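A short write-up of the structure that comes next.
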Amino acid sequence: MTRTILHDTHIHLELLLEKLGYGQNFRKYIFGEGNPEGNNLTIISEGSAKISELLVNHQFVIQSTVSTSNFYLVWQLFKSNPKVFFLLGSHPEIVKHGFDMDAYILEQSKLLELIDIKNLCGIGEVGLDYHIAKSDELIKLQKVLFISQIEVAIKLDLPLVIHCRDAFDDLIEILKNYPAIWGKFLIHCFTGNKQNLQAILALNGFIALGGIITYSNTTELIEAVKYCPMSNIMIETDAPFLVPLANRENKVCLPVYIESTVSKIAEIKNLQSQDILDFSKHNAIQLFPLIEENFGNLQPYLTEEKINE
Ligand SMILES: [Zn+2]
């Protein structure tokens, strides 16, 4: 029997390990609140082995990053796994009262210069989250941070992976000011409506759909997905978060649960699951060309020239 070959355009492998009992305090460390203490080398190497096992049917995954400390951690944990492609970026959640923006941006630019990151495929996850930022001061800081990340992406000619919650109109207004990023961004875990989608498509953006599409009360989201061309859709888990409805017996979202999301999208689009996987992979390679460069065997989407090389 041929096994389904999967992929995932948005995952947090270190947080998945933490939820599965490997490593401690990763999440606190990521947000600058302490060190990942108690994480001895055995735990880390066992954890990396566990991830290889969980990704046995995956061709590639895109590991999100939410802060520079997070990047140091995930890079150490997963750099030897050829299936893991990395994003580097700063989630709007890291902004809090007293956040030292200048020092942070300086640290990030040093990191980008110092590390020759073989599988760095994009900048992310970055964006706006007004569910977290309740004050004008924090909203302003999130905007400054987001704009700095757009500028990094443009400078390095890398695609941008965006997190957006309760801030859609402001997000689109900012993106409109940067034509260089049009067609080169992905709104991860898209949960918006048809109008939101139209605004994204007007800038040639992509969306990634996760487990939320399988939940109840998603009529508006399903409407948007019906309307969206397959050329702009990718799949993700955002694991360990957002367990699909069919897998609710487990509190942790495992990478293989992407299959539940894929079947739901197939049902909405009246296509086969394999079609959804093929479109998503094709779109991922288009947005993140590094994935194809590092995996020469991503048939059937190789160009004639590549085959003849
Ligand atoms: Zn995420």
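The values are calculated or read from the model by the stated rules, or taken from the named source; none is laboratory data. Keep in mind the model is a prediction, meaning the values are calculated, not measured. Heads up, the Cβs are rebuilt from the backbone with ideal geometry, glycines too, and the neighbour counts pull from every protein chain shown.
Tabulated results
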read-out: Considering residues of region 94-106 that are exposed (fewer than 14 other Cβ atoms within 10 Å of the Cβ) and assigned to a helix (DSSP H, G or I) only, the residue nearest to the ligand (Cβ to nearest atom); value: MET101
read-out: Check on THR42, β-branched (Val, Ile, Thr) and modelled with pLDDT of 80 or more; value: no
read-out: Test set (1) part of a helix (DSSP H, G or I); (2) away from the ligand (no atom under 15 Å from the Cβ) - LYS118 fails condition number; value: (1)
read-out: Subset of region 162-176 [within 16 Å of the ligand (Cβ to nearest atom) and more than 26 Å from SER216 (Cα to Cα)]; value: LEU171
read-out: Options ILE154, ILE150, ILE162; residue that is touching a Gly at 6+ places or on another chain (Cβ under 6 Å) and either surrounded by fewer than 20 Cβ atoms within 10 Å (Cβ to Cβ) or β-branched (Val, Ile, Thr) (or both); value: ILE162
read-out: Count of region 74-93 residues which are surrounded by fewer than 20 Cβ atoms within 10 Å (Cβ to Cβ) and either within 12 Å of the ligand (Cβ to nearest atom) or touching a residue at least 40 places away in the same chain (Cβ under 8 Å) (or both); value: 4
read-out: Unique match (being farther than 24 Å from ILE62 by Cβ, of a type in the set (A, V, I, L, M, F, W, C) and more than 16 Å from the ligand (Cβ to nearest atom)) among ALA153, ALA133; value: ALA133
read-out: Residue, farthest from LEU287 (Cα to Cα), within region 146-186, restricted to residues that are among the small types (Gly, Ala, Ser) and part of a loop (DSSP other than H, G, I, E, B); value: ALA167
read-out: Tally, over region 58-72, of residues that are away from the ligand (no atom under 15 Å from the Cβ) and either under 15 Å from GLU18 (Cβ atoms) or in contact with a helix residue (DSSP H, G or I) (Cβ under 7 Å, 6 or more places away or on another chain) (or both); value: 4
read-out: Selection within region 243-252 - away from the ligand (no atom under 16 Å from the Cβ) and outside any helix (DSSP H, G or I); value: ARG248, GLU249, ASN250, LYS251
read-out: Condition met for ALA133 (aliphatic (A, V, I, L, M), in contact with a strand residue (DSSP E or B) (Cβ under 9 Å, 6 or more places away or on another chain), buried (at least 19 other Cβ atoms within 10 Å of the Cβ) and not in a strand (DSSP E or B)); value: no
read-out: Selection count where residues are in contact (Cβ under 8 Å) with a residue 60 or more places away in the chain and away from the ligand (no atom under 16 Å from the Cβ), scope region 177-212; value: 1
read-out: Residue selected from region 213-242 under the condition aromatic (Phe, Trp, Tyr) and away from the ligand (no atom under 16 Å from the Cβ), by the criterion nearest to PHE279 (Cα to Cα); value: TYR227
read-out: Which numbered condition THR237 misses (of (1) buried (at least 16 other Cβ atoms within 10 Å of the Cβ); (2) among the polar types (S, T, N, Q); (3) in a helix (DSSP H, G or I)); value: (3)
read-out: Residue within region 268-287 that is surrounded by 15 or more Cβ atoms within 10 Å (Cβ to Cβ), free of Cβ contacts under 8 Å to residues at least 12 places away in the same chain and in contact with a Ser or Thr (Cβ under 6 Å, 6 or more places away or on another chain) present; value: no
